[in-house]
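Note sheet for the following structure.
The values are calculated or read from the model by the stated rules, or taken from the named source; none is laboratory data. Quick caveat, the model's predicted, so the values are computed rather than measured. Please note: Cβ atoms are built from the backbone with ideal geometry, for glycine as well, and neighbour counts cover all protein chains shown. Each accessible area value is taken on the protein alone, full model and side chains, heavy atoms only, with ligands, DNA and RNA left out. Shrake-Rupley method; radii C 1.70, N 1.55, O 1.52, S 1.80 Å.
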Amino acid sequence: MDAGFTNSSAGKTRTRCPLQDQHLQRKNSRENLDRFIPNRSAMDFDYAHYMLTEGRKGKENPAVSSPSREAYQKQLAETFNMNRTRILAFKNKPPTPVEAIPNDFSGVQQSKPAKARRYIPQTSERTLDAPDLLDDYYLNLLDWGSSNVLAIALGSTVYLWDATDGATSELVTVDDENGPVTSVKWAPDGKHIAIGLNNSDVQLWDSTSNKQLRNLRGCHQSRVGSMDWNNHILTTGGMDGQIVNNDVRIRSHIVETYSGHHQEVCGLKWSASGQQLASGGNDNLLHIWDRSTASSNSPTQWLHRLEDHTAAVKALAWCPFQGNLLASGGGGGDRCIKFWNTHTGACLNSVDTGSQVCSLLWNKNERELLSSHGFTQNQLTLWKYPSMVKIAELTGHTSRVLFMAQSPDGCTVASAAGDETLRFWNVFGTPEVAKPAPKANPEPFPHLNRIR
């Protein structure tokens, strides 16, 4: 039998409930009322109100309420900003902060918005047939002129493709005893084009009238596989290892000859300044020639002779944003892209790409480099410079990508491969339109020539 307890105020015996085991036994009704559920009938509200309002006044020290004490408390509250009735109230707005930097300079501190990542299509935007394209690593059969016309040599015929309207025309077909065509190169004006032949001749053509202007003979003993222009100077490289500067304005066109390669010259590129020439050959050599020293009576004509590559050096590209930076690519036995300081001849970096490097192109708008490759993937690889992190790999060709050319605006790249196709890639994107410079404040009194 459960034990009960006795309530002294009620005088009755109650049975104990388990839910009330934690209740305390009360001594009397006034002192032991439950604090959570008060007994309002036992409260004296008048006495409580008196104690909260008037009762404490009598207990306070009279000295505390003295005039001097009140003045001190008021001054102290004003000094420490303690005169607010509620510290954390949202009643009043916070004080306006004082700007440490004037508004005129606040724009300088704002960081530039993050640049959106450029979308790079993984497939070619256009593909054209290129039948009879020679699968020869040492030739240069593709070039894109400043007039937005693409020239490509297919066998013994040179075709022109107008990128503006997509029209195709045939420029010339050489005889079998003179052909095939081994190199093409547009002049800087975009109207005249040089065509190198297998019989060592070089023809100059006017593309607007489809007429041959002249035939340069005597430059080489065998085929002309590489060419580049430097204003009115046409530089040609042949299988005989010779490099010849031809002034196309004069009758005796041969003005300089550079000797340094022992095998075929398959890469030629003048720098943007026109002062230095880079040449690569099948002898694994890379030469840097300087116009001021190559024609002198020095024992060696070249400025630098670089022997780091272990295969043929065909792919050459001068950096558009650093004049003395040259990128070079090696053949199947080398597979490396190397970067050179052409002032000192130092190799700045070397990257093993894993496959034959056929061609190199710099992005004109960003710090990027595009390379084309052979076996096994036959891909185009876009690299971020100088980290040389791969940004994208473009596939589609089924044979080695031998040649690349860049559109005049620098956005589109054309690639020609041994699979006899010509593909166009929007790899470099659309260049940002430069914002017009703000107009300068007009000078005061512009109508006055002088002030007396």
Under 5 Å between amide hydrogens, which residues at least 5 positions from Thr412 or on another chain qualify, with H placed 1.01 Å from N in the peptide plane? Ser407
Asn363's amide H: which non-local residues (gap 5+, or another chain) put their own amide H closer than 5 Å, with H modeled 1.01 Å from N in plane and none for Pro or chain starts? Glu368, Leu369, Leu370
Using θ = phi - 60° and the Karplus curve 6.51 cos²θ - 1.76 cosθ + 1.60, what whole-Hz ³J(HN,Hα) does each residue of region 405-410 get, with Gly and Pro shown as x? 9, 10, 5, x, 7, x
Taking placed amide H atoms and a strict 5 Å upper bound, the residues 5 or more places from Val181 or on another chain that come that close are Ser156, Thr157
With all protein chains in place and a 1.4 Å probe, Arg423 shows an accessible area in Å² (nearest 10) of 40
Using alpha carbon coordinates only, what is the Rg to Rh ratio of region 340-382, with Rh defined as the Kirkwood radius? 1.03
Solvent exposure, largest accessible area first (probe 1.4 Å, DNA, RNA and ligands not counted), of Arg335, Arg367: Arg367, Arg335
Solvent-accessible surface (1.4 angstrom probe) belonging to Met239, in square angstrom, nearest 10: 80
From the backbone phi of region 346-352, what are the Karplus-calculated ³J(HN,Hα) couplings (6.51 cos²θ - 1.76 cosθ + 1.60, θ = phi - 60°) in whole Hz, Gly and Pro given as x? 7, 8, 7, 6, 9, 10, 7
If you average the C-alpha positions of region 182-203 and of region 370-428 separately, how far apart do those two centres end up, in angstrom? 24
Projected label distance in nm at Phe45 and Leu76, using a 7 Å step from Cα toward the beta-carbon: 3.8
Stretched fully, the stretch from Arg305 through Thr430 gains (0.36 nm per residue minus C-alpha distance, one decimal, in nm) 41.2 nm
Residue by residue, what Karplus-based ³J(HN,Hα) values in Hz, rounded to whole numbers, does region 266-281 have, using 6.51, -1.76 and 1.60 with θ = phi - 60° and x for Gly and Pro? 10, x, 9, 8, 7, 6, 4, 6, x, 9, 10, 10, 9, 9, x, x
Each label sits 7 Å from Cα toward the beta-carbon; between Ala116 and His232 the label points are separated, in nm, by 4.9
Can you tell me how much longer the chain between Val389 and Asn341 gets when fully stretched, taken as 0.36 nm per residue apart minus their C-alpha distance, in nm with one decimal? 15.2 nm
